[in-house]
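Data block below; observations after.
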Amino acid sequence: MEKAMTPRHPLEGEILYSADQILRGIEGLAKKLERQFGRGQEPVCLVGVMMGAFPFLCDLARALLTTGVPNVVTDHLFIESYVGTAPDGEPRIYRDLRMPITDRTVVLLEDIVDTGATLSCARAHLLAQHPRQLITCALLERRNANPNPPLDHRVFVIPSDAFVIGYGLDWNGQGREFDDISVINTDHARVMERFFSSPKEPASV
Ligand code: IMP
């Protein structure tokens, strides 16, 4: 049964995609990728941009297994670019992959593409290691994002002005654990903002 599209947390505004819709979208993506990979036995490397793409990476790996792609290996690229609801300077890689990707089929997974700067940074970093094939996928793409080059696959397109949370996407570290994707409730975020903008006490050791 489809779950009710009702916010369960004060930070959640209107729910755009329920957990069921997200999983169905990811299953559709797995089928498209399976056709694109062909029938080889070579492992396919799934690389998630952290932290936001974590649930996407796990659910896509599971969906690929169900679709008949058993040789999947997963790794993570840690990139930082946002503070609160606004970009904060150039994206910066602060933790690299652990697996070699040279001459491999690599699927790069982003939670959301907005300006495309994070995607470009990750893409350039991976291409420098000469994968055989690099396929880019985003769970969400903002309408009017127009990354260059364009994404190979996106699961959902969201309105250009919506800041969203849930299913890996956060606001100041909150909301990643929500299983739906919703727009942020700005009234609640404004109340919480005071907490994040207050000066930090020095850590006592
Ligand atoms: P871009 O580099 O401008 O494409 O922004 C992409 C990155 O910004 C994503 O990997 C997210 O970390 C973050 N981001 C952009 N929009 C949102 C949002 O609506 N919610 C949460 N994070 C977002």
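Annotations for the structure displayed:
- The stretch 88-205: relative contact order as a whole-number percent, Cα under 8 Å and 6+ apart: 18
- For PRO43, neighbours were defined as the other residues whose beta-carbon sits under 13 Å from its Cβ, and their charges (Lys and Arg +1, Asp and Glu -1) total -1.
- Using alpha-carbon coordinates, inclination of helix 19-37 to the longest axis of the chain, degrees: 30
- Mean separation of Cα contacts under 8 Å, 6 or more apart, over the residue count of the stretch 1-65: relative contact order %: 32
- What the Cα convex hull of the chain gives, in volume per residue, is 144 Å³.
- For the pair ARG8 and THR115, a Förster radius of 22 Å applied to the C-beta separation gives a FRET efficiency near 0.10, rounded to the nearest 0.05.
- Label separation (GLU42 vs LEU23): 3.3 nm, computed from points 7 Å beyond Cα along the C-beta direction.
- Of the peptides 41-53, 137-149, the order by per-residue mean of other Cβ atoms within 10 Å, starting with the highest, comes out as 41-53, 137-149.
Taken together, the values in this text are just the output of simple stated rules run on the coordinates, not laboratory data. Worth saying up front: this structure is predicted, and the values here are computed from it rather than measured. Every residue, glycine as well, gets a Cβ built from its backbone with ideal geometry; the counts of neighbours run over all protein chains shown.
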